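A quick write-up on the structure given underneath.
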Amino acid sequence: MKKKRRPKFTFIDLFAGIGGFHLALQELGGECVFVNEFDENARKTYEHNFRKTNPELFKSKKREPYFWKSIKDITLTDTGQSKTIWDKNIKRVIPKFDVLCAGFPCQPFSRIGQKRGFDDDRGTLFGDIERIILAKQPKVIFLENVRNIVNHDNKHTFQIILEKLDRAGYYVNEERDDSWNFLNASDFGLPTARPRFYLVAFKKGAPGAKEFKFPKPTSPGGTTLCKFFKDKKWPNKIGRTIRVGGRGSPVYKKRNGEWFVDKRSWDTYIVGGEKHVLTVGEMKTMMGFPADFDFPTTVTHTQMLKQLGNSVAINVIREIGREIIKFL
Ligand SMILES: C[S@@+](CC[C@H](N)C(=O)[O-])C[C@H]1O[C@@H](n2cnc3c(N)ncnc32)[C@H](O)[C@@H]1O
């Protein structure tokens, strides 16, 4: 029997979508040991692609589900259970790992709960992540979100996240460029404007806590569509953000007979003088997915676009991952 190669590091993929974190960190020698995602269609795409490379992840252990759905089933935040119970549940369900990865939906924290002097976890998905951090104490926390998380709810959401990480024993600095940063996919070889918030926190006192640095752009100044597709017919511009909505937006014909693209249009370009709607394959490569990443036949076209619009930009995650593993 072929002996399994020891991974360089292990990670968990929370709110996994179609597995952008998985793809990038697997390439760096990491092994994903736990995944959760509750959207049925994203789950199909995820399993379709990663069962081949990581069959262990999809083996049922001790009659537990192998691919967990809602995070709440793991953290029990909606059940009112005591800390002893939720801590035990998380420890039982999630194996040991090094890096916690999560691109989570951003929601406000309850001010009422805080005014009353208790941590009200209900309604915020960061509260679920916090419980997993407290129970499992990973070496590193790697989060991705929209840029607005920093200003969300009058900066209250971000302040609480930093405070909670600090209290859980992780080094975080409020200053940009230190523990958190905004990085744009177009600065990392992808022809799409996708600026996102990234946070990396190591355990206090651990190597990397204060030394970690975000990667420098691999294509400073941006990546144009014509450069990326190596074809002068494409616009000499960075592409627009691939959107979650899943429905394309209109392209108009000017009176003089020339095509022009409405500002809101994200999936349509003028290529070689003709209107061109991005194919799923083009969108996939624009987000950094390899050619052999594919969608199961049971996932509709609209779902594919939604999944790609929700995904992380692979190149950015890979470059941040490279910086993280220097300290593992
Ligand atoms: C921004 S997307 C993450 C995308 C992912 N990082 C990727 O690369 O494809 C957030 C995901 O969280 C999932 N989600 C939201 N609430 C959830 C919950 N309570 N439990 C599990 N998944 C949840 C959504 O279905 C969505 O796929």
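None of the figures in this text is laboratory data; all of them are computed from the coordinates on show. Here the structure is a predicted model, which means the values were calculated and not measured. Neighbour counts are summed over all protein chains in view; Cβ atoms, including those assigned to glycine, are modelled from backbone coordinates with ideal geometry.
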Just flag the trypsin sites (Lys or Arg not before Pro) in the stretch 274-328 sitting in loop per DSSP whose Cβ has no more than 12 other Cβ atoms within 10 Å. 326
For the pairs 139/306; 136/326; 233/306, note any where the Cα-Cα span goes beyond 24 Å. 139/306; 233/306
Under a point spin-label approximation (7 Å from Cα along Cα-to-Cβ), what is the residue 175-residue 66 distance to one decimal in nm? 4.7 nm
Once both labels are modelled 7 Å past Cα along the beta-carbon direction, what's the residue 226-residue 327 spacing in nm? 4.2 nm
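Show me the ranking of peptides 207-217, 126-136 by mean Cβ neighbours inside 10 Å, starting with the highest.
Numbers: 207-217: 15.6, 126-136: 21.5.
With the highest mean Cβ count within 10 Å placed first, the list reads 126-136, 207-217.
Tell me, what is the FRET efficiency for residue 156 and residue 292 to the nearest 0.05, using R0 = 51 angstrom and their Cβ-Cβ distance as r? Intermediate results must be reported in sequence, preceding the final value.
On the way: r = 43 Å, r/R0 = 0.85.
With R0 = 51 Å, the Cβ-Cβ based efficiency is 0.75.
If you rank 204, 253, 139 by fewest surrounding Cβ atoms within 10 Å, what's the result? Spell out each step's value before the answer.
Numbers: 204 13, 253 10, 139 20.
Listed from fewest to most nearby Cβ atoms, that is 253, 204, 139.
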Expected 222 nm ellipticity per residue - DSSP helices of 4 or more, -39500 (n - 2.57), all of the chain, to 500: -8500 deg cm²/dmol
From the Cα gyration tensor of the stretch 5-76, with a ≥ b ≥ c the square roots of its eigenvalues, which class applies: rounded if a/c is under 1.5, or else prolate if a/b is larger than b/c, or else oblate? prolate
Any chance you could run the full-extension gain for residue 96 through residue 146? It's 0.36 nm times the residue separation minus the Cα-Cα distance, nm to one decimal. 15.2 nm
Cα-based Rg (one decimal) and Dmax (whole number) for the stretch 199-260, in Å? 20.4, 66
Between residue 85 and residue 279, how high is the FRET efficiency from 1/(1 + (r/R0)^6) when r is the Cβ-Cβ distance and R₀ = 45 Å? Nearest 0.05. 0.40
All alpha-carbon distances of the chain, grouped into 20 Å bins from 0, give the whole-percent distribution 30, 57, 13, 0
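Please label the shape of the stretch 137-226 as rounded, prolate or oblate, based on the square roots a ≥ b ≥ c of the eigenvalues of the alpha-carbon gyration tensor (a/c under 1.5 means rounded; beyond that, a/b larger than b/c means prolate, else oblate). Show your work: numbers first, answer last.
On the way: a/c = 2.94, a/b = 1.58, b/c = 1.86.
Oblate.
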